[in-house]
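S.K.: Quick one: this structure, given as C-alpha cells, is what I'll be asking you about.
The values are calculated or read from the model by the stated rules, or taken from the named source; none is laboratory data. Not measured: the values here are computed from a predicted model. Backbone-built Cβ (ideal geometry, glycine too); neighbour counts: all protein chains shown.
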Amino acid sequence: MARALSKLGYCSRSRAFELIRARRVAVNGRIRSDPEAPVQLQGDSIEVDGRRIFSQTKLYLVMNKPRGVITTAADEKGRKTVYALLGDKTPWVAPVGRLDKASEGLLLLTNDSQWGARVAAPETHLDKTYHVQIARVADAALMKKISKGVSTAGGDRLQAKAARILRGGEKNTWLEIVLDEGKNRHIRRMLAALGIAVLRLVRVSIGPLTLDDLPKGASRQLSKGEKESIDAAMHQTRGRLTHRYLASRGNPVL
C-alpha cells in the first residue's frame with residue numbers, strides 16, 4: 001500500500017508508511033494499518049484523510065543545488081533542505097539520487113518514482129559528470145589511477161569511467177570526472193583512498209542534461225525534449241549492455 005501511494009506520486013514511500021501506520025489511509029472505504037498490504041492501482045479506491053488519491057501529473061524538475069543544503073525532506077538537526085528552495089506550492093517530488101551537503105550542482109527531482117529509480121540505478125550506467133577541485137597539482141599518473149580504480153579501506157573498488165584535467169594552479173587542480181555507476185560518496189571516497197582532499201565537487205550533467213545557466217538554488221521543469229533525451233540515453237545504455245551480455249555468452253548479436 002505504501003508503494004502504491006509512492007507510485008501515484010502522492011508522497012515518498014517512507015511518508016506513506018507513516019500515514020498508514022497513523023491509520024489515515026483507507027482502501028475501498030476501510031482504514032488500513034499495514035503498509036505492505038497489496039492494493040490494485042487500477043481498481044481500488046485509496047483515500048488519505050478522507051480524500052481520494054488519483055495518479056498525480058508527472059513532474060520532472062532540475063535544480064542547481066547550492067553547497068550546504070541537504071537532499072532530505074526533513075532534518076533532525078534543522079539544516080536547510082532542497083525542499084526549502086522549492087517553495088510550498090510545488091507538489092511532492094523526491095530527489096533522484098543524492099548530492100551530499102558539501103556537494104553542489106545538478107539535482108533531479110520527480111514524483112515519478114519508477115523513472116527516478118531507473119535514472120539513479122547503478123545498473124543503468126547513465127553518465128554523470130562532475131567538476132572537482134582537489135588540493136594538489138594533478139598529473140597524468142593521477143588520472144590513470146582514477147580511471148584504473150582504487151580499493152578503499154572498506155573493501156570497495158571505486159573507479160571513474162573517465163577523468164581529465166580541466167585547469168590547474170600552483171596548489172590545486174580542477175578535474176572532470178565521469179561516473180556511470182555512482183556509489184555512496186563515490187568520488188570523495190575514491191580520492192580519499194589516494195590521499196587527496198576535495199575542495200569543491202559540482203555535478204554538471206546527468207546523461208545529456210546539463211545545468212546551462214540555471215542559477216544557484218533555482219529549479220525548473222524539464223522540457224519534453226530534455227526528458228526524452230534522458231530516456232533515450234538510458235535506452236541506448238540498456239541496448240549496449242544487452243549486446244555485451246549476449247556477446248559474452250557466445251550468442252550471435254544481429
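S.K.: So V253 clears everything in (1) over 18 Å from R67 (Cα atoms); (2) at pLDDT 90 or above; (3) loosely packed, with under 13 Cβ neighbours inside 10 Å; (4) hydrophobic (A, V, I, L, M, F, W, C) except one condition, right? Which one?
M.R.: Failed condition: (2).
S.K.: Shifting gears a bit: Restricting to region 35-67, name every residue that is loosely packed, with under 11 Cβ neighbours inside 10 Å and farther than 26 Å from R23 by Cβ.
M.R.: T57
Here is a yes/no grid of residues against (1) more than 29 Å from L59 (Cα to Cα); (2) modelled with pLDDT under 90; (3) among the polar types (S, T, N, Q):
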site	(1), (2), (3)
M143	yes, no, no
G155	yes, yes, no
R164	yes, no, no
H186	no, no, no
L194	yes, no, no
V202	no, no, no
L214	no, no, no
Q236	no, yes, yes
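S.K.: While we're on this one: Within region 124-133, identify whether any single residue is farther than 23 Å from P66 by Cα and of a type in the set (D, E), and answer yes or no.
M.R.: no
S.K.: Checking the conditions here, which among I165, I177 is crowded, with 17+ Cβ neighbours inside 10 Å and aliphatic (A, V, I, L, M)?
M.R.: I177
S.K.: Consider region 95-117. How many of its residues are in a helix (DSSP H, G or I), hydrophobic (A, V, I, L, M, F, W, C) and touching a residue at least 12 places away in the same chain (Cβ under 8 Å)? Show your work before the answer.
M.R.: Step one: filter region 95-117 for residues in a helix (DSSP H, G or I), giving 113-117.
Filter once more, so that each one left must be hydrophobic (A, V, I, L, M, F, W, C): 115, 117.
Restricting the remaining residues to those that are touching a residue at least 12 places away in the same chain (Cβ under 8 Å) gives 115.
Adding up the residues that qualify gives 1.
S.K.: Give me the pairs: first residue in region 159-181 and touching a residue at least 12 places away in the same chain (Cβ under 8 Å) and among the hydroxyl-bearing types (S, T, Y), second residue surrounded by 17 or more Cβ atoms within 10 Å (Cβ to Cβ) and part of a loop (DSSP other than H, G, I, E, B), beta-carbon distance under 6 Å, and six or more apart or on different chains, which are they?
M.R.: Once the first residue is touching a residue at least 12 places away in the same chain (Cβ under 8 Å) and among the hydroxyl-bearing types (S, T, Y) and sits in region 159-181, its partners that are surrounded by 17 or more Cβ atoms within 10 Å (Cβ to Cβ) and part of a loop (DSSP other than H, G, I, E, B) give T173/A138.
S.K.: A further question on this structure: Take the residues of region 85-96 that are under 19 Å from K216 (Cβ atoms) and at pLDDT below 90: which is surrounded by the fewest Cβ atoms within 10 Å (Cβ to Cβ)?
M.R.: Here the answer is G87.
S.K.: Taking R240, is it closer than 18 Å to D127 by Cα, loosely packed, with under 13 Cβ neighbours inside 10 Å and either out of contact with any Asp or Glu (no Cβ under 9 Å at 6 or more places or on another chain) or modelled with pLDDT of 95 or more (or both)?
M.R.: Considered against the rule, which asks whether it is closer than 18 Å to D127 by Cα, loosely packed, with under 13 Cβ neighbours inside 10 Å and either out of contact with any Asp or Glu (no Cβ under 9 Å at 6 or more places or on another chain) or modelled with pLDDT of 95 or more (or both), R240 comes out as yes.
S.K.: If you go through region 196-219 one residue at a time, do you hit one that is part of a loop (DSSP other than H, G, I, E, B), among the β-branched types (V, I, T) and surrounded by 15 or more Cβ atoms within 10 Å (Cβ to Cβ)?
M.R.: yes
S.K.: If you don't mind, another one. Scanning region 118-143 for residues that are in contact (Cβ under 8 Å) with a residue 24 or more places away in the chain and among the small types (G, A, S), which turns out surrounded by the most Cβ atoms within 10 Å (Cβ to Cβ)?
M.R.: Per the stated criteria, the residue is A138.
S.K.: Then there is this: Which ones in region 194-231 are β-branched (V, I, T) and more than 23 Å from T90 (Cα to Cα)?
M.R.: I196, V198, V202, V204
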